[in-house]
Amino acid sequence: MSTKPSLVKVGVIGSSHGIKGFIKLFTEGDTLQYVKPPLSCTVEDPRGNQTIIHIEEIKQNGNHFLLKLKGYDTPETVVKYRGFSLLWKREDLPKPEEGEIYTEDLVGLLAISKESKTPLEYIVTQVIDNPAHPILELKPKSGEGETVLIPFLNRFVGDWNLESKTLEIIEWEQWFEV
């Protein structure tokens, strides 16, 4: 029985670049600095459908990377992947540094109050991509109640513990005052 490899989102594909079929990739972190093409990886469309692509070349270009995909030589052909997520096998990724985490690892963590250390009965259900910073979506464990969106920034989110499956939220009450 084979198990599916665990895939981690490392970036989002943007618009085409130039006339030779390069496409922009926006990432968090520096994962792509350590990989050497040619290589195959998975892309996922917004509906969750996955496709394997073959990357021939990766170049850093300012705050993003440029990818050259095998078989795509014009901007018109490569643009079909715009908005797709680039997924990487977890075992091929570098281990996160101290104080770092892959955002996928936050899903399923129980929110606790940083101030009182008490459980808040909310669970992280997804991490939403946002150009400025990721946003955590938290829903009540019971399924009853409102969804809370919290920017994944140090002033709102404290420490996480993957062993106890908890995530500290700073000043939790502020998210209900609006």
From the set of residues in the stretch 113-126 that are open to solvent by 60 Å² or more (accessible area, probe 1.4 Å) and either modelled with pLDDT of 95 or more or not in a loop (DSSP other than H, G, I, E, B) (or both), which is nearest to Val10 (Cα to Cα)?
-> Gln126
In the stretch 46-67, how many are open to solvent by less than 20 Å² (accessible area, probe 1.4 Å) and over 20 Å from the mean Cα position of the chain (by Cα)?
-> 0
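With respect to Glu100, is the statement that it is loosely packed, with under 14 Cβ neighbours inside 10 Å, in contact (Cβ under 8 Å) with a residue 60 or more places away in the chain and over 26 Å from Leu138 (Cβ atoms) true?
Numbers: loosely packed, with under 14 Cβ neighbours inside 10 Å: yes; in contact (Cβ under 8 Å) with a residue 60 or more places away in the chain: yes; over 26 Å from Leu138 (Cβ atoms): no.
The answer is no for Glu100.
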From Leu110, Leu93, residue being of a type in the set (A, V, I, L, M), open to solvent by less than 50 Å² (accessible area, probe 1.4 Å), in contact with a strand residue (DSSP E or B) (Cβ under 9 Å, 6 or more places away or on another chain) and modelled with pLDDT of 85 or more = Leu110
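Acidic (Asp, Glu), modelled with pLDDT under 80 and either loosely packed, with under 12 Cβ neighbours inside 10 Å or under 19 Å from the mean Cα position of the chain (by Cα) (or both): which single residue out of Asp129, Asp105 fits that description?
From the options Asp129, Asp105, the qualifying one is Asp129.
Answer with yes or no whether Tyr81 is over 15 Å from the mean Cα position of the chain (by Cα), open to solvent by less than 40 Å² (accessible area, probe 1.4 Å), in contact (Cβ under 8 Å) with a residue 12 or more places away in the chain and under 16 Å from Gly21 (Cα atoms). So that I can check it myself, show each step before the final result.
Values: over 15 Å from the mean Cα position of the chain (by Cα): yes; open to solvent by less than 40 Å² (accessible area, probe 1.4 Å): yes; in contact (Cβ under 8 Å) with a residue 12 or more places away in the chain: yes; under 16 Å from Gly21 (Cα atoms): yes.
Here the answer is yes, as Tyr81 does meet what is asked.
Yes or no: Trp175 free of Cβ contacts under 8 Å to residues at least 40 places away in the same chain, in contact with a strand residue (DSSP E or B) (Cβ under 7 Å, 6 or more places away or on another chain) and either assigned to a loop (DSSP other than H, G, I, E, B) or over 14 Å from Gln126 (Cβ atoms) (or both)? Before the answer, list the steps.
Values: free of Cβ contacts under 8 Å to residues at least 40 places away in the same chain: yes; in contact with a strand residue (DSSP E or B) (Cβ under 7 Å, 6 or more places away or on another chain): yes; either assigned to a loop (DSSP other than H, G, I, E, B) or over 14 Å from Gln126 (Cβ atoms) (or both): yes.
Here the answer is yes, as Trp175 does meet what is asked.
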Would you be able to say whether some residue in the stretch 28-35 is over 18 Å from Val127 (Cβ atoms) and surrounded by 12 or more Cβ atoms within 10 Å (Cβ to Cβ)?
-> yes
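Of all the strands (runs of 3 or more DSSP E) wholly in the stretch 1-102, which have at least 3 residues that are under 21 Å from His133 (Cβ atoms)? Show your work before the answer.
Working: elements: 7-17, 22-27, 39-44, 50-61, 64-69, 85-89.
Hits in the stretch 1-102: 7-17, 22-27, 85-89.
Please state which one of Leu86, Leu162 is within 28 Å of Leu39 (Cα to Cα) and modelled with pLDDT under 90.
Numbers: Leu162 fails: within 28 Å of Leu39 (Cα to Cα).
Of the residues listed, the single one that is within 28 Å of Leu39 (Cα to Cα) and modelled with pLDDT under 90 is Leu86.
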Residue by residue through the stretch 1-27, note down the ones that are modelled with pLDDT of 85 or more and open to solvent by less than 30 Å² (accessible area, probe 1.4 Å).
-> Ile13, Gly14, Phe22, Ile23, Leu25
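The values are calculated or read from the model by the stated rules, or taken from the named source; none is laboratory data. All of these numbers come straight from a predicted model, not from anything done at the bench. FYI the Cβ positions are ideal-geometry reconstructions off the backbone, even for glycines, and counts take in every protein chain you see. In case anyone asks, the SASA skips ligands and DNA or RNA and just uses the protein heavy atoms, side chains included. Shrake-Rupley method; radii C 1.70, N 1.55, O 1.52, S 1.80 Å.
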